[in-house]
Amino acid sequence: NILQNEKFNAFEAGLTTRSNDGTMVGKMNFYSTTWTDRIETKYVQNLDGDDAIVYLTGINQQHTGIETEFSAQLSDMIRLDFGIGIGSWGYTDDATGTYKDYQADGSEEEVSYAYDLDGLKVGDMPQNNMIFGLTLTPIDGLKIQTLYRYYDAHYANWSISGFEYDGSAADGAIR
């Protein structure tokens, strides 16, 4: 099993605009990123209670989204900030994994598995977010800031045992 270099293709386009007096700034950005031949390691526990590692190869992902930011300096003392990001990050293909079982006699047994990842959302990071901020500057050198952050579409990282299939047809794992 020869490992491939990971491949990364990204496209990003954005726009920034500013009011004539500089008190308001707006930004918008669109991104699309394709990852191919990614490699991951997943930790599992054998039936006998020992820890083991499954090496996954051929993981492909697509990340797309739009991000916007707006800032307004309402006065010398008051600034408002707002931002929002809406993304869709998912796996685009199934992957394979290799488990090495080390025997007491020093030998090793290698077992390969197929994983039904196509269409699964990328986990462990929120795909949508929003932030609202208020900054007060009552005197020079003193800033008081409050931020409200909201995260959404924060999927759990997938379990290796829940997406294994026999390689011929997906087992219909719940997404």
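The values are calculated or read from the model by the stated rules, or taken from the named source; none is laboratory data. As the structure is a prediction and not an experimental result, all values here were calculated from the model. Cβ atoms come from the backbone with ideal geometry, glycine included; neighbour counts cover every protein chain shown. The area values use the complete protein model at the heavy-atom level, side chains included, leaving out ligands, DNA and RNA. Shrake-Rupley method; radii C 1.70, N 1.55, O 1.52, S 1.80 Å.
Here is a list: ASP101, ASP50. Which entry is of a type outside the set (Phe, Trp, Tyr), out of contact with any strand residue (DSSP E or B) (no Cβ under 8 Å at 6 or more places or on another chain), loosely packed, with under 13 Cβ neighbours inside 10 Å and under 29 Å from ALA156 (Cβ atoms)? Outline the logic, then answer.
Numbers: ASP101 fails: out of contact with any strand residue (DSSP E or B) (no Cβ under 8 Å at 6 or more places or on another chain).
Testing whether each residue is of a type outside the set (Phe, Trp, Tyr), out of contact with any strand residue (DSSP E or B) (no Cβ under 8 Å at 6 or more places or on another chain), loosely packed, with under 13 Cβ neighbours inside 10 Å and under 29 Å from ALA156 (Cβ atoms) leaves just ASP50.
May I ask you to verify whether ASP152 is in contact (Cβ under 8 Å) with a residue 40 or more places away in the chain and either in contact with a strand residue (DSSP E or B) (Cβ under 6 Å, 6 or more places away or on another chain) or surrounded by fewer than 15 Cβ atoms within 10 Å (Cβ to Cβ) (or both)?
Judged against the criteria, ASP152 is not a match.
Given (1) without any contact (Cβ under 8 Å) to a residue 60 or more places away in the chain; (2) touching a strand residue (DSSP E or B) at 6+ places or on another chain (Cβ under 9 Å); (3) loosely packed, with under 11 Cβ neighbours inside 10 Å, where does LEU74 come up short, assuming only one miss?
All conditions pass for LEU74, except number (3).
Collect the residues in segment 1-26 that are surrounded by 10 or more Cβ atoms within 10 Å (Cβ to Cβ), assigned to a loop (DSSP other than H, G, I, E, B) and at pLDDT 95 or above, keeping them in residue-number order.
Correct list: SER19, THR23.
Looking at segment 90-101, is at least one residue under 30 Å from GLY22 (Cα atoms) and in contact (Cβ under 8 Å) with a residue 40 or more places away in the chain?
no
Looking at GLY87, GLY133, GLY83, can you tell me which residue is among the small types (Gly, Ala, Ser), open to solvent by less than 50 Å² (accessible area, probe 1.4 Å), in a strand (DSSP E or B) and in contact (Cβ under 8 Å) with a residue 60 or more places away in the chain? Talk me through it step by step, then tell me what you get.
On the way: GLY133 fails: in contact (Cβ under 8 Å) with a residue 60 or more places away in the chain; GLY83 fails: in contact (Cβ under 8 Å) with a residue 60 or more places away in the chain.
After ruling out the rest, the residue left standing is GLY87.
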